[in-house]
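**Student:** This is the structure, below, for whatever I ask next.
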Amino acid sequence: MRPSIFSILSALSLAIVCAASAEPAPVSSAVVHLAPDFSIPGVGGKPRTLRSLRGQSVVLLIAKSARTGALKKQVKNLQELFEQFASKQTVFAVALREGDALIKSNIPFVIVNNGAAVADAYGVKKDFSIAIIGHDGNLDYLTEKVLAPERVRDVVQNSFPIQASIRGKQ
């Protein structure tokens with residue numbers, strides 16, 4: 001027996017009414033996707049972990065080596081935004097699968113400890129990726145593409161806690 005169009009529309013209307021009368025889900029700052037931890041060299045040789053950087057955004061570039069073309073292009077794109085990010089205490093880090101060469105830039109990049117393990121933890125299989133980690137330690141963005149400066153700025157400025165606080169004020 002086929003359902004009539006009337007019974008289908010009635011069921012759909014009932015579903016819409018029930019959904020509209022339901023309590024809205026509370027806004028929570030719960031973990032969405034915690035970024036895999038890593039460490040960077042700290043003062044006095046004592047390593048600092050990603051966890052110790054909570055409250056600061058982290059822009060993590062992951063590459064095969066310092067000579068990777070996409071890494072060089074992303075660094076160039078980030079130089080346009082560096083002054084804006086520096087005033088907000090954004091941390092710039094690089095994880096290299098091979099070696100630990102310095103990155104030529106006006107941005108003070110920190111070379112993460114054990115870059116190959118960090119690349120594996122983030123699931124990076126290709127020559128380049130960029131990860132943006134929010135103030136709360138959540139992985140807000142991960143891609144294998146070189147990002148335009150505007151896109152990086154948008155992700156850093158619109159991380160989950162900021163979005164949640166905006167929703168809470170409405």
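Any read-out appearing in this document is the output of simple, stated calculations on the displayed coordinates, not a laboratory observation. From a predicted model like this one, the values you see are computed outputs, not experimental measurements. Glycine also receives a Cβ, built like all others from the backbone with ideal geometry; neighbour counts cover every protein chain displayed.
**Student:** Report the local net charge at residue 34: Lys and Arg +1, Asp and Glu -1, summed over other residues whose C-beta lies under 15 Å from its C-beta.
**Tutor:** Counting the neighbours of residue 34, the net charge comes to -1.
**Student:** Here's something else I'd like to know. What does a probe at residue 79 reach in the stretch 125-159, counting residues whose amide N is under 17 Å from the point 7 Å along Cα→Cβ?
**Tutor:** Counting only backbone N, you get 147-150.
**Student:** Amide H of residue 95: which non-local residues (sequence gap of 5 or more, or other chain) have their own amide H closer than 5 Å, using H built in the peptide plane?
**Tutor:** Close amide H contacts, sequence-distant or interchain: 61, 62, 63, 112.
**Student:** Explain nothing, just compute: Karplus ³J(HN,Hα) = 6.51 cos²θ - 1.76 cosθ + 1.60, θ = phi - 60°, for every residue of the stretch 102-107 in order, whole Hz, x for Gly and Pro.
**Tutor:** With the stated coefficients, the stretch 102-107 comes to 6, 9, 6, 5, 7, 8 Hz.
**Student:** Taking Cα centroids, how far is the stretch 112-154 from the stretch 38-78 in Å?
**Tutor:** If we compute the Cα centre of each part, the gap is 9 Å.
**Student:** While we're looking at this one, here's another question. Where does the charge balance sit around residue 57 when Lys and Arg score +1, Asp and Glu -1, over other residues with C-beta under 9 Å from its C-beta?
**Tutor:** Result for the local shell: 0.
**Student:** Can you list residues from other chains, or at least 5 along the same chain, whose modelled amide H is less than 5 Å from the amide H of residue 147?
**Tutor:** none
**Student:** May I pose another question? Could you run the Karplus curve 6.51 cos²θ - 1.76 cosθ + 1.60 with θ = phi - 60° over the stretch 42-51 and give me ³J(HN,Hα) per residue in whole Hz, x for Gly and Pro?
**Tutor:** Listing the rounded values in order: x, 5, x, x, 7, x, 10, 9, 4, 4 Hz.
**Student:** Quick check: from the Cα gyration tensor, does the stretch 39-169 come out rounded (a/c under 1.5), prolate or oblate?
**Tutor:** Taking the square roots of the gyration eigenvalues as a ≥ b ≥ c, the stretch 39-169 is prolate.
**Student:** Count the net charge of all other residues whose Cβ sits under 14 Å from the Cβ of residue 138, scoring Lys and Arg as +1 and Asp and Glu as -1.
**Tutor:** -1
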